[in-house]
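The next block holds one structure in the form of structure tokens; read it before the comments.
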Amino acid sequence: ASDWSSDVCSSDPFQNPNQPLPKTWWATFEFEHILAKAIASRRSLAKENSFDLLGNLALLEKNINSKAGALPFSEKIKVYKAAPTFNQEILALAETHSDFTESDILKRNQQILTAVLDMLKAHNLLTD
């Protein structure tokens, strides 16, 4: 069976086994709201908390997050593709989606939660 964490990190340039992570690697990243708050509020999301779910968050470099800001997803796609990012999933979303909706948030949220639970179980950190 494949290890979820190694699959996710396989394209991360920080994962060079010959070089340790810089002590402040985390300081270069922020959480991006894929569906911007201004857009979400105009869409009247059916589930009140959808905006804040993990399914609407992506770890991105600060410079990319600041450029993407409150843009609609159709414009964020251009930002994601123009700037080099370690986050291959956000690039895949940019290739496969022209919009990011509440349904996408809920689906992605479930996928993330399932992956995390599977990883915890695989490492005997969680019991059924």
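Restricting to region 52-87, what's the tally of residues that are outside any loop (DSSP other than H, G, I, E, B), surrounded by 15 or more Cβ atoms within 10 Å (Cβ to Cβ) and either free of Cβ contacts under 8 Å to residues at least 40 places away in the same chain or acidic (Asp, Glu) (or both)? Full working, then the answer.
First pass over region 52-87, keeping only residues outside any loop (DSSP other than H, G, I, E, B): 52, 54-68, 73-82.
Filter once more, keeping what is surrounded by 15 or more Cβ atoms within 10 Å (Cβ to Cβ): 54-61, 64-65, 67-68, 73, 76-77, 79-80.
Okay, now just the ones that are also either free of Cβ contacts under 8 Å to residues at least 40 places away in the same chain or acidic (Asp, Glu) (or both), so 57-61, 64-65, 67-68, 73, 77, 79-80.
Total meeting the criteria: 13.
Quick check on region 104-128: of everything there that is more than 29 Å from Glu75 (Cα to Cα) and acidic (Asp, Glu), which residue is least open to solvent (accessible area, probe 1.4 Å)? Outline the logic, then answer.
Pass one, region 104-128, residues more than 29 Å from Glu75 (Cα to Cα): 114, 116-128.
Filter once more, so that each one left must be acidic (Asp, Glu): 118, 128.
Numbers: Asp118: 87, Asp128: 166 Å².
Looking at the filtered set, the residue picked out is Asp118.
Those residues that are out of contact with any Leu (no Cβ under 8 Å at 6 or more places or on another chain) and buried (at least 16 other Cβ atoms within 10 Å of the Cβ), I need them from region 91-103; list them, please. Quick ask: steps written out before the conclusion?
Within region 91-103, the first condition is being out of contact with any Leu (no Cβ under 8 Å at 6 or more places or on another chain), and the residues that meet it are 91-99, 103.
Scanning region 91-103 gives Leu91, Leu93, Ala94.
Within region 91-128, how many residues turn out to be over 24 Å from Leu60 (Cβ atoms) and basic (Lys, Arg)?
Qualifying residue count for the region: 1.
Residue by residue through region 30-74, note down the ones that are farther than 20 Å from Asn109 by Cα, in contact with a Ser or Thr (Cβ under 9 Å, 6 or more places away or on another chain) and among the basic types (Lys, Arg).
Once the filter is applied, which keeps residues that are farther than 20 Å from Asn109 by Cα, in contact with a Ser or Thr (Cβ under 9 Å, 6 or more places away or on another chain) and among the basic types (Lys, Arg), region 30-74 yields only Lys62.
The values are calculated or read from the model by the stated rules, or taken from the named source; none is laboratory data. Here the structure is a predicted model, which is why all the values come from computation and not from measurement. All Cβ positions, glycine included, derive from the backbone under ideal geometry; neighbour counts span all protein chains shown. Accessible surface is based on the protein model in full, side chains and every heavy atom, while ligands, DNA and RNA are left aside. Shrake-Rupley method; radii C 1.70, N 1.55, O 1.52, S 1.80 Å.
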